[in-house]
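Heads up: the structure comes next, in structure tokens.
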Amino acid sequence: MANFTHDHGDTTWVMTSTALVYMMTPALACFYGGLVESKNFLNQLFLSIVCMALVPVQWCLFGYSFAFGSGNSVFGSFEYALDRKIGLVNLYGENVDAINPLTIPSLTYSAFQCAFAIITPALISGAVVGRMKLIPYMIFVFLWTTFCYDPLARWIFFNEGWLHQMGVIDFAGGLVVHMSSGVSGLVAAFILGSRAHFDPDVVNSGQTNLPFTIVGTGLLWVGWMGFNGGSALTATGNAALAIVNSNAAAASSMSMWIVLDIIHGKIRGQNNVFVSIPGVCSATVVGLVVITPSAAYIQPGYAVLIGLIGGFVVNLFLAGKKHFFHVDDTLDVFSCHGLGGFIGTLTTGLFCQTDVSRDVKNGAFYGNPIQLGYQLFGILIVTVYSFVCTVAILLPMHFTIGIRINRLDQVRGLDNVAHGVVDIEALQKVTQKKLPQVKPKPNDINVPSVVSIEEK
């Protein structure tokens, strides 16, 4: 087995990016947590963080081998199970992974891809806020990662995957991460049903920890530099371009959202400028989502345009959602990630250029309209497959062990029901409520007090 010298710069960059992407899961927990009611705040943090316990175990046991091990264009194998083969050999700087020829060690690549596998099911948790049992949720995360995420990663990220070989372009996960989680989140919300007291006409209800959402947004933005920049797998201009385009798209989407908020406020007759904090935070994420499939394949000017398109379309979709779309997708996972992934994948087929990256063919705007067809086919496959997997996992549990928290426990809140946390402040508010005044009896009115005074 021949020795292989890895590029230290590439390895350092991808390892740094791995840490940044790992940080995104706690950042997502903060982002989601700030958007839910206080009684479900800790539970929402847990639903994201628990993925950091479940998915790395699955990834080490067989997930990486299923997605990137030997096999065919559809299925992997158990050859790299337990990271046994790549773990032992790469300690001596040798490259055993001939099917993934990289300038970085296979263990580095495995760790980087594991970070993606962690955050993808965590995204789904935003659609099931306050009403899903813990054990069924954890079973779902493990099974969904195995039967949905791993195959999609093989088909699209793996060099010999059948969709990759066909020509479907997804630089960093517009299909594999965002569309799959968006569609699955919508299906999960539909199967679970709405929360107790859910009202689609009520906007921004229960958002009591918005500072957490703002902090989470900032950390997600920083982490996305590793998410997209690290996906180049080299410390070259491709990584730099991905970072520049990611920032441009996020900023333009946020700007578009602010403008639309101001316009909507004027239409409603508001004298002061109104800008929604949750909206601006969501706009940032939407901009980062829509640029993900094409981050290293387009010019920065197109990144600005894609961000504007994403912010505009998702904003309008959310504005009409409460009137026409009454599924309780609590934190708009489908709107931001499903629809955002769709927009990003579609625009990739329009604007990608061979002159920008030799890894892709030209898009429809550069004389290759068939690329748009490939992107649409990829969207169709990911949508249908994610739908089928989510239904196949959740419905059997729904009719056997049950997956939904009962209505009374939903009202109490999952912080208490699932984690045993008692909200002291809420109890104090209850005890401090004023009791109704009791009217004095007629005999007690104007009765003088008799005080006996003894003379000395």
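Just one of Y297, Y302 is of a type in the set (F, W, Y) and outside any helix (DSSP H, G or I); which is it?
Y297
Collect the residues in segment 219-234 that are part of a helix (DSSP H, G or I) and either open to solvent by less than 30 Å² (accessible area, probe 1.4 Å) or under 13 Å from A296 (Cα atoms) (or both), keeping them in residue-number order.
In the first step, residues of segment 219-234 are kept if they are part of a helix (DSSP H, G or I); the result is 219-232.
Residues satisfying the conditions are L220, G223, W224, M225, G226, F227, N228, G229, G230, S231, A232.
Are there any pairs, at least 6 apart or on different chains, whose C-beta atoms fall under 7 Å, with the first in segment 266-282 and within 28 Å of G33 (Cβ to Cβ) and the second open to solvent by less than 20 Å² (accessible area, probe 1.4 Å) and among the β-branched types (V, I, T), and if so, which?
From residues that are within 28 Å of G33 (Cβ to Cβ), the pairs are P278/T213; C281/T213; C281/T217.
Among F317, F334, which is the only one that is hydrophobic (A, V, I, L, M, F, W, C), open to solvent by 50 Å² or more (accessible area, probe 1.4 Å) and in contact (Cβ under 8 Å) with a residue 12 or more places away in the chain?
Values: F334 fails: open to solvent by 50 Å² or more (accessible area, probe 1.4 Å).
Testing whether each residue is hydrophobic (A, V, I, L, M, F, W, C), open to solvent by 50 Å² or more (accessible area, probe 1.4 Å) and in contact (Cβ under 8 Å) with a residue 12 or more places away in the chain leaves just F317.
Per-residue answers, yes or no, for (1) at pLDDT 95 or above; (2) among the β-branched types (V, I, T); (3) within 28 Å of F387 (Cα to Cα); (4) open to solvent by 10 Å² or more (accessible area, probe 1.4 Å):
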residue: I277; (1), (2), (3), (4): no, yes, no, yes
residue: V286; (1), (2), (3), (4): yes, yes, yes, no
residue: L305; (1), (2), (3), (4): yes, no, no, yes
residue: G310; (1), (2), (3), (4): yes, no, yes, no
residue: V327; (1), (2), (3), (4): no, yes, yes, yes
residue: D355; (1), (2), (3), (4): no, no, no, yes
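Within segment 129-168, can you find the residues that are in a loop (DSSP other than H, G, I, E, B) and open to solvent by less than 10 Å² (accessible area, probe 1.4 Å)?
Within segment 129-168, the subset in a loop (DSSP other than H, G, I, E, B) is 129-131, 133, 157-161, 167-168.
Scanning segment 129-168 gives V129, G130, R131, F158, G161, V168.
Of the numbered conditions (1) in contact with a helix residue (DSSP H, G or I) (Cβ under 8 Å, 6 or more places away or on another chain); (2) open to solvent by 10 Å² or more (accessible area, probe 1.4 Å); (3) modelled with pLDDT under 90; (4) assigned to a helix (DSSP H, G or I), K85 satisfies every one except a single condition; which is it?
(1)
Quickly run through segment 394-425 and pick out the residues that are assigned to a helix (DSSP H, G or I) and either over 25 Å from S181 (Cα atoms) or in contact with a strand residue (DSSP E or B) (Cβ under 6 Å, 6 or more places away or on another chain) (or both).
Filtering segment 394-425 down to residues assigned to a helix (DSSP H, G or I) leaves 394-399, 407-412, 414-417, 424-425.
Once the filter is applied, which keeps residues that are assigned to a helix (DSSP H, G or I) and either over 25 Å from S181 (Cα atoms) or in contact with a strand residue (DSSP E or B) (Cβ under 6 Å, 6 or more places away or on another chain) (or both), segment 394-425 yields R407, L408, D409, V411, R412, N416, V417, I424, E425.
Here is a list of conditions, (1) crowded, with 23+ Cβ neighbours inside 10 Å; (2) farther than 16 Å from M254 by Cα, and I267 meets all of them except one; can you say which number that is?
Tallying (1) crowded, with 23+ Cβ neighbours inside 10 Å; (2) farther than 16 Å from M254 by Cα, I267 fails exactly one: (1).
Is there a residue being part of a loop (DSSP other than H, G, I, E, B), of a type in the set (A, V, I, L, M, F, W, C) and touching a Gly at 6+ places or on another chain (Cβ under 9 Å) anywhere in segment 363-376? Working first, answer last.
Pass one, segment 363-376, residues part of a loop (DSSP other than H, G, I, E, B): 363, 367-369.
Pick out the ones that are also of a type in the set (A, V, I, L, M, F, W, C) and you get none.
No, that holds for no residue.
Pairs only if they're at least six apart or on different chains, beta carbon under 6 angstrom, first in segment 56-81 and on the phi > 0 side of the Ramachandran plot, second open to solvent by 10 Å² or more (accessible area, probe 1.4 Å); list them, first residue then second.
Taking only residues 6 or more apart or on different chains, the pairs are G71/S77.
Just to check your reading of the model, which residue among V384, V391, V360, V356 is in a helix (DSSP H, G or I) and either closer than 13 Å to S294 by Cβ or free of Cβ contacts under 8 Å to residues at least 60 places away in the same chain (or both)? Let's see the steps before the verdict.
Details: V391 fails: either closer than 13 Å to S294 by Cβ or free of Cβ contacts under 8 Å to residues at least 60 places away in the same chain (or both); V360 fails: in a helix (DSSP H, G or I); V356 fails: in a helix (DSSP H, G or I).
Of V384, V391, V360, V356, the one residue that is in a helix (DSSP H, G or I) and either closer than 13 Å to S294 by Cβ or free of Cβ contacts under 8 Å to residues at least 60 places away in the same chain (or both) is V384.
Is one or more of the residues making up segment 61-78 small (G, A, S), closer than 21 Å to C281 by Cα and open to solvent by 10 Å² or more (accessible area, probe 1.4 Å)?
In the first step, residues of segment 61-78 are kept if they are small (G, A, S); the result is 63, 65, 67, 69-71, 73, 76-77.
Among the residues that remain, those that are also closer than 21 Å to C281 by Cα are: none.
Within segment 61-78, not a single residue is small (G, A, S), closer than 21 Å to C281 by Cα and open to solvent by 10 Å² or more (accessible area, probe 1.4 Å).
With the requirement that a residue be open to solvent by less than 10 Å² (accessible area, probe 1.4 Å), more than 17 Å from C148 (Cβ to Cβ) and in contact (Cβ under 8 Å) with a residue 60 or more places away in the chain, what does segment 107-125 give you?
Passing the criteria: F112, A115.
I'd like to check something: does segment 289-299 contain any residue that is more than 26 Å from V215 (Cβ to Cβ) and open to solvent by 20 Å² or more (accessible area, probe 1.4 Å)? It would help to see each step written out before you state the result.
At the first step, the residues of segment 289-299 found to be more than 26 Å from V215 (Cβ to Cβ) are 293-294, 296-299.
Pick out the ones that are also open to solvent by 20 Å² or more (accessible area, probe 1.4 Å) and you get 297, 299.
Scanning segment 289-299, I find at least one residue that is more than 26 Å from V215 (Cβ to Cβ) and open to solvent by 20 Å² or more (accessible area, probe 1.4 Å), so the answer is yes.
Quick check on segment 45-53. Is at least one of its residues β-branched (V, I, T), over 15 Å from F112 (Cα atoms) and not in a loop (DSSP other than H, G, I, E, B)? It would help to see each step written out before you state the result.
Going residue by residue through segment 45-53, those that are β-branched (V, I, T) are 49-50.
The next check asks that each one be over 15 Å from F112 (Cα atoms); those that pass are 49-50.
Next, only the ones that are not in a loop (DSSP other than H, G, I, E, B) stay: 49.
Yes, that holds for at least one residue.
The values are calculated or read from the model by the stated rules, or taken from the named source; none is laboratory data. The structure displayed is predicted, hence computed values, not measured ones. Virtual Cβ from ideal backbone geometry, glycine too; neighbours counted across all protein chains shown. Quick note on the areas: whole protein, heavy atoms, side chains included, nothing else; ligands and nucleic acids left out. Shrake-Rupley method; radii C 1.70, N 1.55, O 1.52, S 1.80 Å.
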